[in-house]
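Written below as structure tokens is the structure these notes are about.
Any read-out appearing in this document is the output of simple, stated calculations on the displayed coordinates, not a laboratory observation. Bear in mind that the values here come from a model prediction, so they are computed numbers and not experimental data. Counting neighbours? That spans all protein chains shown, and the Cβs are built from the backbone with ideal geometry, glycine included.
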Amino acid sequence: MSKRAIVTGGAGFIGSHVADALLAEGHEVHVIDDLSSGAAERVPPRAELVELDIVEERSLRELFDRVAPQAVYHLAAQASVVASVQDPGRDCDVNVRGTLNVLEAAGAHGAPVVFTSTGGALYGDEAPRPTPEDRIPAPLSPYGASKWAAESYVRTWALSAGVPHTVARLGNVYGPRQSPHGEAGVVAIFTGHINEGKQPKLYGHGKPTRDYIYVADVVEALLAASGTAGVYNIATGVETDVMAIWRGLLETAGVEIEPELADLRPGELQHSCLDISRARAELGWSPKVAIEAGLAITYRALTEEFSAA
Ligand SMILES: NC(=O)c1ccc[n+]([C@@H]2O[C@H](COP(=O)([O-])OP(=O)(O)OC[C@H]3O[C@@H](n4cnc5c(N)ncnc54)[C@H](O)[C@@H]3O)[C@@H](O)[C@H]2O)c1
């Protein structure tokens, strides 16, 4: 059945793929984005784009009342760890207050919210790997802290409003449309380096590991999670080190560039890998794209995007 859906952050990397998938399933899509890191060109033409800051409670409520959504995908966020350290107040405003505003506006229409939290910035280095959802979070940054606080509102509002809101803790997402200008999207950053023949700096001597997940797998999980009222790690359960990411991209590009090796930066996590058995069992979801295939698709797509820009 066709639904009216709101996607906050739908002009961003992951949100624009969510908007595409919802349209492909026949739903009506309204995107809310302040374009602070997103781009209007990423929003599919068949979706409505409303330029709005989710911190602006009144305007947000008016929009929700006009659309009367039946499903909400809340991806808008201050998503940079570095920016969260530089300006923790704004990080808190957007990620905590903004999320509360979305929950209030959605609750007025009984619409379930899927909130994208972080697996990578939540559990810390002491956690067992792969890390299950019931591990008590120990965030290292204001970004991790604000996402955890927002999660708490999501769960509390689900209980008090009786609406099945969901938390999706994402691994390190990569894929087409990822920006090479952030500090975390190594696949996009490295693709940019290879395109320009530039040597990259591999912190931690290329040894830090992350749980990389292809964006289409994330989108599938978010759509499956809508209305389920759970907390789910959405990743692959597979650890890959940064050197392997670099090597995999070089192989697709068919070139050879020696990276510069450097020490890990302060506050950076050594290892991260998420246990996805709950999402497998309860959502009937599992990731389909292996890292080698995902890197090759992403390298080719981003190379085309960068040359067209
Ligand atoms: N990319 C990853 O690896 C990853 C990992 C874990 C969690 N997440 C979460 O997934 C979500 C999407 O991340 P992304 O990688 O697509 O980032 P992104 O920066 O591409 O997308 C975020 C979008 O939110 C918009 N936005 C920011 N502040 C806003 C505000 N105040 N009001 C309205 N819109 C605002 C931005 O303009 C942008 O379009 C975020 O919540 C992020 O924290 C991403």
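Here are the numbers:
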quantity: Label point distance in nm, MET1-GLU25, each placed 7 Å from Cα along Cα→Cβ; calculated: 1.4
quantity: Between helix 291-308 and the chain: long-axis angle, C-alpha atoms, 0 to 90°, nearest 10; calculated: 80
quantity: Local electrostatic count at VAL231 - Lys and Arg +1, Asp and Glu -1, tallied over other residues with Cβ under 14 Å; calculated: 0
quantity: Sum of side-chain charges, CYS273 neighbourhood, beta-carbon under 9 Å (Lys, Arg +1; Asp, Glu -1); calculated: -1
quantity: All lysines inside 29 Å of LYS207 as judged from Cα atoms, apart from same-chain residues fewer than 8 positions distant; calculated: LYS147, LYS198, LYS288
quantity: Calculated P(r) tail over 15 Å for region 146-207, as whole % of Cα pairs; calculated: 66
quantity: Total formal charge among the other residues, if their Cβ is under 13 angstrom from that of ASP211, Lys/Arg +1 and Asp/Glu -1; calculated: -1
quantity: Fewest-first ranking of THR116, THR252, using other Cβ atoms within 10 Å as the exposure measure; calculated: THR252, THR116
quantity: Helical mean residue ellipticity (222 nm; -39500 (n - 2.57) per DSSP H run of 4+; nearest 500) of the chain; calculated: -12000 deg cm²/dmol
quantity: Translational diffusion coefficient (Stokes-Einstein; Kirkwood radius from C-alpha pairs) of the chain at 25 °C, 0.890 mPa s, in µm²/s; calculated: 126
quantity: Global form of region 76-133, assessed from the alpha-carbon gyration tensor, a/c cut-off 1.5; calculated: oblate
quantity: ³J(HN,Hα), Karplus 6.51/-1.76/1.60, whole Hz, each residue of region 105-110, x for Gly, Pro; calculated: 5, 6, x, 4, 10, x
quantity: Mean shadow area of region 64-174, taken as a quarter of the surface of its Cα convex hull (nm²); calculated: 7.4
quantity: Kirkwood-type radius of region 1-155, with distances r between different C-alpha atoms, in Å; calculated: 15.8
quantity: Equivalent ellipsoid semi-axes - Cα gyration tensor, region 184-262, angstrom; calculated: 30, 14, 9
quantity: Aspartates and glutamates with Cα under 18 Å of LYS3, excluding same-chain neighbours fewer than 8 positions away; calculated: ASP20, GLU25, GLU28, GLU48, ASP65, GLU220
quantity: Sites PHE306 and GLU251 - FRET efficiency at Förster radius 22 Å, r taken between beta-carbons, to 0.05; calculated: 0.70
quantity: Share, in percent, of DSSP beta bridges within region 146-254 that are antiparallel, nearest 5; calculated: 20
quantity: Rg to Rh, two decimals, where region 124-268 supplies the alpha carbon set and Rh follows Kirkwood; calculated: 1.02
quantity: Intensity falloff of region 246-309 expressed as log10 I(q)/I(0), Debye formula with alpha-carbon point scatterers, at q = 0.14, 0.25 Å⁻¹; calculated: -0.74, -1.05
quantity: Cα gyration tensor shape for region 33-111, rounded if a/c is under 1.5, else prolate or oblate; calculated: oblate
